[in-house]
1. Across the stretch B:1-43, which residue is nearest to the chain's Cα centre (by Cα) among those that are β-branched (Val, Ile, Thr), modelled with pLDDT of 95 or more and within 29 Å of A:Phe73 (Cβ to Cβ)?
2. What are the pairs, 6+ residues apart or on separate chains, where a residue within the stretch A:62-79 that is surrounded by fewer than 13 Cβ atoms within 10 Å (Cβ to Cβ) has its Cβ under 9 Å from a residue that is polar (S, T, N, Q) and assigned to a strand (DSSP E or B)?
3. Looking at (1) within 13 Å of ligand 1 (Cβ to nearest atom); (2) without any contact (Cβ under 8 Å) to a residue 60 or more places away in the chain; (3) surrounded by 22 or more Cβ atoms within 10 Å (Cβ to Cβ), can you tell me which one B:Leu55 breaks?
4. With the checklist (1) closer than 20 Å to B:Leu142 by Cα; (2) touching a residue at least 12 places away in the same chain (Cβ under 8 Å); (3) more than 11 Å from ligand 1 (Cβ to nearest atom) in hand, flag the one item B:Arg97 doesn't pass.
5. Across the stretch B:74-105, what is the number of residues that are more than 14 Å from chain A (Cβ to nearest Cβ), over 26 Å from B:Val173 (Cβ atoms) and within 16 Å of ligand 2 (Cβ to nearest atom)?
6. Between B:Gly164, B:Gly156, which is surrounded by 14 or more Cβ atoms within 10 Å (Cβ to Cβ) and at positive phi?
7. Taking B:Ser43, is it of a type in the set (Ser, Thr, Tyr), more than 13 Å from ligand 1 (Cβ to nearest atom) and without any contact (Cβ under 8 Å) to a residue 40 or more places away in the chain?
8. Just to be sure before I move on: is B:Asp163 charged (D, E, K, R), part of a loop (DSSP other than H, G, I, E, B) and touching a strand residue (DSSP E or B) at 6+ places or on another chain (Cβ under 9 Å) in the structure I sent?
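The values are calculated or read from the model by the stated rules, or taken from the named source; none is laboratory data. The model shown is predicted, which means the values in this text are computed figures rather than measured ones. Heads up, the Cβs are rebuilt from the backbone with ideal geometry, glycines too, and the neighbour counts pull from every protein chain shown.
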Amino acid sequence: MDMRDAETGKLLWESGKWGQRMLREEMQARVPKEILECRAVSRELNFTSQEEIRQFRLEQRIFLRGACLEEWFFDFGFVIPGSTNSWQQTIEAAAPEDMRHPAELSGKVTIETSFYDGKTLIAKTLVRVFYV
Amino acid sequence: MGLLTLLRKLKRTDQEARILVLGLDNAGKTTILKKLSEEDITSIMPTQGFNIKSLMHDEFKLNVWDIGGQKSIRPYWRNYFDQTDALIYVIDSADKRRMEETGEELGQLLEEDKLSEVPVLIYANKQDLMSAMAPDEITEGLNLHTIRDRPWHIQGCSAKTGDGLQDGMEWIVTKINDASRARGEEKA
Ligand SMILES: Nc1nc2c(ncn2[C@@H]2O[C@H](COP(=O)(O)OP(=O)(O)OP(=O)(O)O)[C@@H](O)[C@H]2O)c(=O)[nH]1
Ligand SMILES: [Mg+2]
């Protein structure tokens, strides 16, 4: 996973490979706080699949102190067996006032991503974001 | 103009627009999309599946699908045709050896029912190379004038320098907006 300033393309944060560990534990992302000032931010998710998947989709929710701020549903449909794929979302930040205070937000924002094949849950990940 | 600017120019009559980007391997599809997002283009690997860029602006979404063009991946292209609003077909203008092959692949796409009437933008990429064929030559060589069942346009470009990318995107916006206007009139 990585995050960028969508207007300049500048890479702000990159997770490296999390692999299987990501599915068992809550992961932590230490992101530079300047990301809160970007007019648009993009997040990219990379994944590989050995198997063919027919109706791959995901649901992603961003929570701030447990309240859902943002929700993305995305239908990928078919996933090619043995493929490496990426999904980049660009969001224009209409950040509310309190989004501007990194210290208050740090550790209170979580990104929950659930992956499905049709109706069957395949995997779920949780990333907690710290602004540093 | 980046993809964000493109999104801001699309009329918001439909909730989503989908652009499909295809072409032979090594044509420069991924490089074009990265260049349009101002990302680094120096270390791009061949695409072994899909790369999707989703952009959101005021509840309106643009999804751009870039699928790998290697021979082994091409049979899977058909899984991604549904609900396409515009097709971008990328050609490596310097790859004369495979000009016929790329023409055949394009010809097959244009015969697909699911892509019927979908506007097609052909990027004649790598115009920065000395050996690149000009867009006119490609039009001639691939008989593009025989395309009559949809809007089409060929645009010379270089993903390396960024030249021509914007002009191509402007054309796409106009065509997607035309189509959604036509649908609106049909409903009324
Ligand atoms: N000189 C030049 N090289 C380019 C240009 N566009 C792409 N390339 C190079 O062409 C090679 C292939 O580019 P990609 O973007 O990976 O091509 P692709 O169409 O995505 O290929 P697949 O993912 O295999 O389908 C890379 O080495 C690029 O740097 C261009 O406009 N000019
Ligand atoms: Mg590619």
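1. Among those that are β-branched (Val, Ile, Thr), modelled with pLDDT of 95 or more and within 29 Å of A:Phe73 (Cβ to Cβ), it is B:Val21.
2. Partner pairs satisfying both residue conditions: A:Gly66/A:Thr110; A:Glu71/A:Gln60; A:Phe73/A:Gln60; A:Asp75/A:Gln55.
3. With respect to (1) within 13 Å of ligand 1 (Cβ to nearest atom); (2) without any contact (Cβ under 8 Å) to a residue 60 or more places away in the chain; (3) surrounded by 22 or more Cβ atoms within 10 Å (Cβ to Cβ), B:Leu55 is out only on (1).
4. (2)
5. Within the stretch B:74-105, the subset more than 14 Å from chain A (Cβ to nearest Cβ) is B:85-105.
Right, trim to over 26 Å from B:Val173 (Cβ atoms) and you get B:94-101, B:103-104.
Of the ones still in play, those that are also within 16 Å of ligand 2 (Cβ to nearest atom) are B:95, B:98.
Count: 2.
6. That would be B:Gly164, the only listed residue that is surrounded by 14 or more Cβ atoms within 10 Å (Cβ to Cβ) and at positive phi.
7. On the way: of a type in the set (Ser, Thr, Tyr): yes; more than 13 Å from ligand 1 (Cβ to nearest atom): no; without any contact (Cβ under 8 Å) to a residue 40 or more places away in the chain: yes.
The answer is no for B:Ser43.
8. On the way: charged (D, E, K, R): yes; part of a loop (DSSP other than H, G, I, E, B): yes; touching a strand residue (DSSP E or B) at 6+ places or on another chain (Cβ under 9 Å): yes.
Taking the combined requirement at face value, the residue satisfies it.
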